[in-house]
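Remarks on the structure that follows.
The values are calculated or read from the model by the stated rules, or taken from the named source; none is laboratory data. Just so it is clear, the structure is predicted and the values come from calculations on it, not from any experiment. All Cβ positions, glycine included, derive from the backbone under ideal geometry; neighbour counts span all protein chains shown.
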Amino acid sequence: MGDINVTPLVDVMLVLLIIFMVTAPLLQAGVDVDLPPAQAALIEADEGKLILSIDLERKVYLGETPLAQLAPTGAEGGVDPALATIEAQLRANQRLMREKELYLQADRNIPYGIVVKVLASLRNIGVTNLGLVTDPLATN
């Protein structure tokens, strides 16, 4: 009698599935950071962990959300007002304050002094579990 033709529905569902499969990897692009290499055993990071990134222009991001831009090394007598801004924004993050856990990824060309200042700020706000993200070298 009056059967419903489900062929168009199946066609639409397959097209949507293909679209999601193609676009899903593009959504995980994140912040472009040239990580330093490390010769160490690969440790799998838990998905969904908070990541603080510092790119080559010294811009600091929490996930993909920009927080502030750090001053060049040695500027203003070693005190960077952007650090206070970053600390305030990180303190406002309830998840970070609850978990006290964060991964830090900094571009390999960022001066060491800038990374140390950010590490000190993280310590000031109470982050107790910190992971440093590196680019694993291929083993032969």
**Prompt:** Out of region 91-120, which residues are within 25 Å of Asp135 (Cα to Cα) and free of Cβ contacts under 8 Å to residues at least 40 places away in the same chain?
**Reply:** Lys100, Pro111, Tyr112, Val116, Leu119, Ala120
**Request:** Hey, can you tell me all the residues within region 79-134 that are surrounded by 14 or more Cβ atoms within 10 Å (Cβ to Cβ) and among the small types (Gly, Ala, Ser)?
**Result:** Ala82, Ala106, Ser121, Gly131
**Asked** What are the residue pairs meeting all of these: first residue in region 68-81, first residue more than 15 Å from Val116 (Cβ to Cβ), second residue in a strand (DSSP E or B) and at pLDDT 55 or above, Cβ atoms under 9 Å, and 6 or more apart or on different chains?
**Response** Ala68/Lys59; Ala68/Val60; Gln69/Lys59; Gln69/Val60; Pro81/Ala68
**Matching residues in region 46-65 - criterion: being among the aliphatic types (A, V, I, L, M) and closer than 9 Å to Tyr103 by Cβ** = Leu50, Ile51, Leu52
**Message:** For region 90-110, give me the residue count where each residue is among the small types (Gly, Ala, Ser) and within 13 Å of Lys49 (Cα to Cα).
**Reply:** 0
**Request:** For region 100-121, enumerate the residues that are under 15 Å from the mean Cα position of the chain (by Cα) and under 16 Å from Ala88 (Cβ atoms).
**Result:** Leu102, Val118
